[in-house]
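Here is the structure we will look at.
The values are calculated or read from the model by the stated rules, or taken from the named source; none is laboratory data. The structure displayed is predicted, hence computed values, not measured ones. Glycine also receives a Cβ, built like all others from the backbone with ideal geometry; neighbour counts cover every protein chain displayed.
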Amino acid sequence: MKLLKIALKSAWNRKVSISLAMFSIAISILLLLGVDTIRKQAKDNFINTISQTDLIVGARTSPINLLLYSIFHIGSATNNISYARYEEIASFKQVKWSVPISLGDSHRGFRVMGTDSDYFRYYRYANTQSLQLQQGEVFKDVYDAVVGYDVAQSLGYPLGHNIVLSHGIAATKFSEHADKPFRIVGILKKTNTPVDRTVLVSLQGIEAIHIDWQSGARSALRISAKKARQMGLQPKSITAFMLGVDNRITLFGLQRKINNFPNESLLAIMPGVTLASLWQTMGEFEKVLMAVSALVLLAGLIGLLTALLTTLNERRREMAVLRAVGAHAYHVVVLFALEALLVVMGGALLGIAILYAMQVIMQPIIAENYGLFLSIKMLDAEQIVILLAALLLAIILSLIPGFIAYKRSLQDGLMVKI
Amino acid sequence: MMLKIKTILLVSMMLLLTGCSDDAENKQNPSANTLTKEEMEVEAPVNVSWADLVPAEYRPEKVVAKYQDLLDKFEAEDYSPEAEALYSKINDELNNAPMNQTLNNQHISLPGFIAPLTQHNGVITEFLLVPYFGACIHVPPPPVNQTVFVKVADHNGIKIDDSYGAFLVSGSILLDGKKTDIGVAGYHIKNAVIEPYDE
């Protein structure tokens, strides 16, 4: 206890250099824990976005691309598939349920997804969770829309509010479907998935807003919302669809059958397999990032060692006096270890504090820009191990200046002239 | 001197050969082991190979032989609609190959690759176990009797990052006898214990 007091007082005498060392440790700990937190959260987010879907089918592209645009709304679809083909596959004996997805429009930066009411019945996230309405009901009419939690929150939309969808996925309003406004009939509960940032409408709704866009731009032949409603609105194409099967043993066979479909280039993926291969790729980047952060921490600790070594000369007297008043040789070593421990612990606490502060500040910004939902959690076992390892390393490194000081504290400390 | 080296080589080669055949024999007769179910639970699982999942009396050659006359009409690289139709017909028949009934309820361990189906927070809890993986686009996927649906025992899941590579899956293999529209439901293992497989 006495030693701790001495260590604290001695450190206080050198507060500038000590606090600088502490700050550099704080930054390196922040970096290491930050990278670790982000990678774990990104992974949690990704893998909890879809579950219980056996196959996702879309136009032929890379499996990862199909998964990203159909489920995570990252990037754009390569092509649509015909609705007739969807109906054909959905009627296969093995297929238990299927849900169409039609993408390509947006509302003030939020993606619009056309689907049918089965989406609310069969879409599952975070293992077994299904979509829940916070207010209102599922869309029934052509011009009904259900919005995700974040859409309603950030745009302040109540039930019954009318919204206008725009062509394309940018947040600008050059080409709006202004003549066919949609009415919000339902608001979903928060899911921490991209659904929160999605406007859901019926496939007929998507068809209706594009009915006079067939030439690629708004045609001169205007068709009113009312007229469009009477035109049948049978969807002709969709972007992708999800399906579930009765017996998953046959999944490979069904996947092969869809991939080899004679009249249309289709791609069927098993989301679990594609996520695993995506993570396999990401895992390499993660390792590099973690290695870089670990090296930064090591640099911080070596900085601390340098600081301790440079103080050796100015502390000669201090050590000698301590020895003269009866301190054991090992006390000198312990003093250095204590100082290193103090600096690293202080740095770690500071780093953790900054980490949490940053998470709180960045949470909405990251959600908005990257669709990544940070949930603020306690440090996990792995991160605590990282911290303990840093402390241990600090103590080991502090033994170097400790032993140097111990060796010469008596011989030269009491000399009048240093 | 030369002669001596040659004999040593010969003897060692013979030893190697017998070693191989012993091994192969063991693999071929897993069901020769006649333990009761209770004993199975305690005993180490029987090592089973993928070939054992096909009943001994079932020979894919027979199916192919049945169509040999028709097959002979086509060249190997024939992609005409008729040829394709015939191939897919034969493949369907091979795909609906029967299960090995003697394996039912046996405590086995089977090495294979994992196609994740269900995961919880990054830990895979349900997957399909197949004899090969990744080269699926060149050839049809493994038939139903070469695919095992596995439900992992609690706290024994595989992390999604580690799901590449081969695993050894042990547990009681069950034959879901119910016939569905599309054939037999297939093999599944519940409460499986998973470990990385090394040869």
TODO: Could you tell me which numbered condition A:L295 fails, if it satisfies all but one of (1) surrounded by 15 or more Cβ atoms within 10 Å (Cβ to Cβ); (2) at pLDDT 90 or above?
DONE: (1)
TODO: Determine whether segment A:300-311 contains at least one residue that is touching a Lys or Arg at 6+ places or on another chain (Cβ under 9 Å) and in the same structural domain as A:K9 (by TED's automatic domain parsing).
DONE: yes
TODO: Test A:I302 against the stated conditions and say whether it is surrounded by 16 or more Cβ atoms within 10 Å (Cβ to Cβ), of a type outside the set (S, T, N, Q) and at pLDDT 90 or above.
DONE: no
- [ ] Would you mention how many residues in segment A:52-105 are farther than 25 Å from A:D196 by Cα and of a type in the set (S, T, Y)?
- [x] 6
Open item on the list: Exactly one of these conditions fails for A:P262: (1) part of a helix (DSSP H, G or I); (2) assigned by TED's automatic domain parsing to the domain that holds A:V245; (3) not β-branched (V, I, T). Give me its number.
Closed with: (1)
TODO: Considering every residue within segment A:273-288, establish whether at least one is within 30 Å of A:L393 (Cβ to Cβ), surrounded by fewer than 19 Cβ atoms within 10 Å (Cβ to Cβ) and more than 14 Å from chain B (Cβ to nearest Cβ).
DONE: yes
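If you check A:A320 against the conditions, is it in the same structural domain as A:S398 (by TED's automatic domain parsing), exposed (fewer than 14 other Cβ atoms within 10 Å of the Cβ) and farther than 23 Å from A:L388 by Cα?
No, not satisfied.
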- [ ] Looking only at segment A:90-114, count how many residues are out of contact with any helix residue (DSSP H, G or I) (no Cβ under 6 Å at 6 or more places or on another chain) and closer than 17 Å to A:Y149 by Cβ.
- [x] 6
Task: Selection count where residues are within 7 Å of another protein chain (Cβ to nearest Cβ) and under 31 Å from the mean Cα position of the chain (by Cα), scope segment A:234-254 - done: 3
Task: First in segment A:122-138 and farther than 13 Å from A:L188 by Cα and in the same structural domain as A:V201 (by TED's automatic domain parsing), second anywhere and surrounded by fewer than 17 Cβ atoms within 10 Å (Cβ to Cβ) and hydrophobic (A, V, I, L, M, F, W, C), Cβ under 7 Å, 6 or more apart - done: A:Y122/A:W97
Open item on the list: Would you confirm whether or not segment A:359-369 contains a residue that is assigned to a loop (DSSP other than H, G, I, E, B) and within 30 Å of A:L68 (Cα to Cα)?
Closed with: no
Open item on the list: Just to be sure I understand, how many residues within segment A:91-112 are surrounded by fewer than 16 Cβ atoms within 10 Å (Cβ to Cβ) and more than 33 Å from the chain's Cα centre (by Cα)?
Closed with: 3
- [ ] Only residues that are closer than 14 Å to A:V57 by Cβ, touching a Leu at 6+ places or on another chain (Cβ under 9 Å) and not small (G, A, S): list them for segment A:243-259, please.
- [x] A:L243, A:V245, A:L251, A:L254, A:Q255, A:I258, A:N259
